[in-house]
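First up is the structure itself, then whatever we jot down about it.
The values are calculated or read from the model by the stated rules, or taken from the named source; none is laboratory data. The shown structure was predicted, so the numbers you read here are calculated from the model rather than taken from an experiment. Note that we place each Cβ from the backbone using ideal geometry, even for glycine, and neighbour counts take in every protein chain shown.
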Amino acid sequence: MHIQNFKTFCDLVETKSFSKSARLNEVTQSAVSQQLKAMESHYDMLIIDRNQKKFRLTPQGTVLYTTYKDILGLYEKLNCEIQEMSNIVSGTIQISTVNSIGLHELPPYLKVFIKQFPSVNTRVEYRRANLVYEDVLHGNADLGLVAFPTLHKELTIIPFANDELIIAMSPEHKLTKKRAIAIDDLSGMDFIAFEKDIPTRKATDEILNRAGIQVTIAMEFDNVETVKRAIEINAGIAILPASTVLTESERKQLVTYKLEGGMHNRPLAIIHKKNRLLTPALRSFVELMQNKSLKVD
């Protein structure tokens, strides 16, 4: 048995999916099935209970899984210690992030990180918020970047920034005639919104509901770039993270206003599994993201 076989089996148990385990380990689904059969032949016992409709381990399979996880943990710890002793920061970091953070908050930090640690291969995948959590929980990603982080017993949440929510609209919108906009001015307006399961949409609804404001949802999208395109053609206005509209505001493609009633924060955080051993590369990345004094372009 090789260490990679241990990982493939543990991924199979945790995802309860042959296809997902195959994808995580860059092998075919058939290879995962063959590996399982080889394990059962080697130990001369059943590992998965075939009498159950759902994926379920036999008692013997549970013992194997627990032991393999311990072995993988020790192997990962050994690798980390060797890297630290050698003062090496290398390896691969897999990051899963929502579009707004990945496109507007992450790039300058990523630029600095790649310059400081050229031996680290950093991969970024853009996902919906719920899928970022799934990626981290199922081991598809080492780290996740989310807004309005949700508490979870298996996750560690590390705050790294706050973004302000502001009003954005086309220069042709009638509200731009005003010097300042009261939240009451939003009543009855056509809104371009995020889809209902997206955290920033939930925060927007809460802001409007708390003020007793009724708006008309003209369109719903799952990412900030599409929302901005709809605003640019004057299909409606939106409440958006300030960092996502800096370029359009500078180019006079959009007009922005602060929301009434103080700053409305959008907390941003890094998430990872609580039992995830952070390699030197991962620790360096997290520390960089938390460095408030870092000067990024």
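Report whether or not SER90 is farther than 17 Å from ILE270 by Cβ, at pLDDT 95 or above and either among the hydroxyl-bearing types (Ser, Thr, Tyr) or under 12 Å from the mean Cα position of the chain (by Cα) (or both).
No; evaluated as a whole, the condition is false for this residue.
Determine, yes or no, whether GLU225 is in the same structural domain as SER96 (by TED's automatic domain parsing) and surrounded by fewer than 15 Cβ atoms within 10 Å (Cβ to Cβ).
It is false that GLU225 is in the same structural domain as SER96 (by TED's automatic domain parsing) and surrounded by fewer than 15 Cβ atoms within 10 Å (Cβ to Cβ).
Are there any pairs with C-beta distances below 8 angstrom linking a residue in the range 190-208 that is outside the structural domain of HIS173 (by TED's automatic domain parsing) to a residue that is surrounded by 17 or more Cβ atoms within 10 Å (Cβ to Cβ), with the two at least 6 apart or on different chains, and if so which?
Partner pairs satisfying both residue conditions: none exist.
Contact list please: Cβ distance under 6 Å, first residue in the range 48-71 and closer than 11 Å to PHE9 by Cα and touching a residue at least 40 places away in the same chain (Cβ under 8 Å), second residue part of a helix (DSSP H, G or I) and of a type outside the set (Phe, Trp, Tyr), pairs at least six apart or on different chains.
Taking only residues 6 or more apart or on different chains, the pairs are TYR65/VAL13; TYR68/CYS10; LYS69/CYS10.
Applying the selection to the range 134-165, what residues are acidic (Asp, Glu) and in contact with a helix residue (DSSP H, G or I) (Cβ under 8 Å, 6 or more places away or on another chain)?
Within the range 134-165, ASP142, GLU154, ASP163, GLU164 qualify.
When the residues of the range 278-297 are filtered to those that are among the hydrophobic types (A, V, I, L, M, F, W, C) and modelled with pLDDT under 80, which remaining residue is farthest from ASP70 (Cα to Cα)?
That would be VAL296.
Out of the range 137-154, which residues are part of a loop (DSSP other than H, G, I, E, B) and under 13 Å from the mean Cα position of the chain (by Cα)?
Residues satisfying the conditions are HIS138, GLY139, ASN140, ALA141, ASP142, PHE148, PRO149, THR150.
Any idea how many residues of the range 279-293 are closer than 20 Å to ARG123 by Cβ and free of Cβ contacts under 8 Å to residues at least 40 places away in the same chain?
Counting residues in the range 279-293 that are closer than 20 Å to ARG123 by Cβ and free of Cβ contacts under 8 Å to residues at least 40 places away in the same chain gives 2.
Determine which single condition LYS228 fails, assuming it passes every other condition in (1) over 20 Å from ASN162 (Cα atoms); (2) out of contact with any Asp or Glu (no Cβ under 7 Å at 6 or more places or on another chain).
Going through the list (1) over 20 Å from ASN162 (Cα atoms); (2) out of contact with any Asp or Glu (no Cβ under 7 Å at 6 or more places or on another chain), LYS228 breaks only (2).
Suppose we filter ASP142, ASP197 for residues that are surrounded by 13 or more Cβ atoms within 10 Å (Cβ to Cβ) and either in contact with a strand residue (DSSP E or B) (Cβ under 9 Å, 6 or more places away or on another chain) or on the phi < 0 side of the Ramachandran plot (or both); which single one remains?
Within the list ASP142, ASP197, the selection yields ASP142.
From the list ILE166, ILE157, exactly one residue is in contact with a Phe, Trp or Tyr (Cβ under 7 Å, 6 or more places away or on another chain) and either of a type in the set (Asp, Glu) or in a strand (DSSP E or B) (or both). Which is it?
After applying the criteria, what remains is ILE166.
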